[in-house]
1. P(r) for the range 284-365: what percent of alpha-carbon pairs falls in each 5 Å bin, starting at zero?
2. If you take every residue apart from LEU73 with its C-beta less than 10 Å away from the C-beta of LEU73, what net charge results, scoring Lys and Arg +1 and Asp and Glu -1?
3. Quick check: pseudo-label points 7 Å beyond the Cα along Cα→Cβ at LYS363 and VAL291, how many nm apart are they?
4. List, in order, the whole-Hz ³J(HN,Hα) value for each residue of the range 259-264 obtained from phi through the Karplus relation with A = 6.51, B = -1.76, C = 1.60 and θ = phi - 60°; use x for Gly and Pro.
5. In terms of modelled amide H atoms, which long-range or inter-chain residues lie less than 5 Å from the amide H of TYR233?
6. If we count every other residue with Cβ under 15 angstrom of LEU341's Cβ, Lys/Arg +1 and Asp/Glu -1, where does the sum land?
7. Across the range 349-363, in residue order, what do the Karplus-derived ³J(HN,Hα) couplings come to in whole Hz, using 6.51 cos²θ - 1.76 cosθ + 1.60 with θ = phi - 60° and x for Gly and Pro?
8. So for the range 59-166, averaging the separation of alpha carbon pairs under 8 Å that are six or more residues apart and normalising by length, what relative contact order in percent results?
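The values are calculated or read from the model by the stated rules, or taken from the named source; none is laboratory data. Note that the structure is a prediction, hence the values are computed from the model and not measured. Using ideal geometry, Cβ is built from the backbone for each residue, glycine included, and neighbour counts are taken over all protein chains shown. What goes into the accessible areas is simple: the full protein's heavy atoms, side chains included, and nothing from ligands, DNA or RNA. Shrake-Rupley method; radii C 1.70, N 1.55, O 1.52, S 1.80 Å.
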Amino acid sequence: MNNERSNNIIAKSSVERSAEQLDSLTSCRFVAAMAVVLFHSGSTAIASSSFMPIFIKNVISNGYIGVSFFFVLSGFILAYVYYSKINEYDFVYSFFSARVARIYPVYFGSTLFAAIFIDKFSLATDWQQFILVQTWIDWASEARSWNFPAWTLSVEAFFYLTFPFLLGILVKLRLHALSLLMIALAVYISATGYWGAFGGVVDARIQLLPLPLLRYPEFLYGVCIGIIFCRGYRLYSPYLLAAALLLEVYVLASGKSSFAPTASVLIVGPIVYLIACSGGKNRLSILRSRVLVLLGGASYAIYLLHVPLSSLRNVLFASNEVVGKVVYYPIVIALSVLIYLFYEEPARLFIKRASRRLFLKLKEA
């Protein structure tokens, strides 16, 4: 179709990759990270507040759903980045080296930081977190990690382990097959009430399954959307995006139940897709602002550091909790930005370059 721009309907064209598309999604990561931070550090106080509107209480109490956004977005971004690289001879090596460079420096540092506030250590379980398998074995037990939010990195590690093989299968599927797969995922999520999307009570037999398998539909959902996007199918409509965002807010404000995580997972996919399709559209220019993109880049550090920093706040401001709560959020954000700029990014580049040199040496040997 040649009238995609004028009519805002689906059209198939060559894949155009622009930094602006990723920048808009990067900014959204900051919003999702802060939703999780508020859920962990402010939901109890806000829930007990008598002057806070009920819909705001509900939105914050559903902040944990930000994790689902990360899982869907992770699948989309990986498909977006590696779709055209799957046939390169060093695809698997470059993928895994890039993933280690991306997640491990901040993860390792935050884990050691969190260890300061741990009273009891157990070699029987603590080793799991250093190789990111703490949710692979018995996720329903206490064998988690010193920094609790890091459980999601263990789930992501499983996603990464399977991704090169998953992408190799999915890129061979035609559009109708990918669409049917997405419909099947949506039906599955809806039919089960999506017990895998939140920490509710689940059947004892389900608890025997590794947690990454229970969360895999979110990631797979994102990968399918990413592949469709990379094939050049575009649908940009500010009205559809606004409707999807309003629907997501309604779901989050509806109250804490199985409905919220179930519906939210399904809505997040179209939101990610529509934002990516927006490209350089002026209506979403705010998402490409330098400040928001920087905060989005720092969102990974925000997510991993907010619980250890909360423990530190409780120690330093034990006698004045009010001051501690006031300074907590600015400190989390500011420190995470500094870590992103002066530790996370340099470490990532160093590891990627070192791994590339190692690969070339192994190739020559």
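1. Calculated P(r), rounded to whole percents: 3, 14, 16, 15, 13, 12, 10, 7, 5, 3, 2, 1, 0.
2. 0
3. 4.4
4. 5, 4, x, 5, 5, 5
5. Placed amide hydrogens put SER13 under 5 Å from TYR233.
6. 0
7. 5, 4, 5, 5, 5, 5, 5, 5, 5, 5, 4, 5, 5, 5, 5
8. It rounds to 25 percent for the range 59-166.
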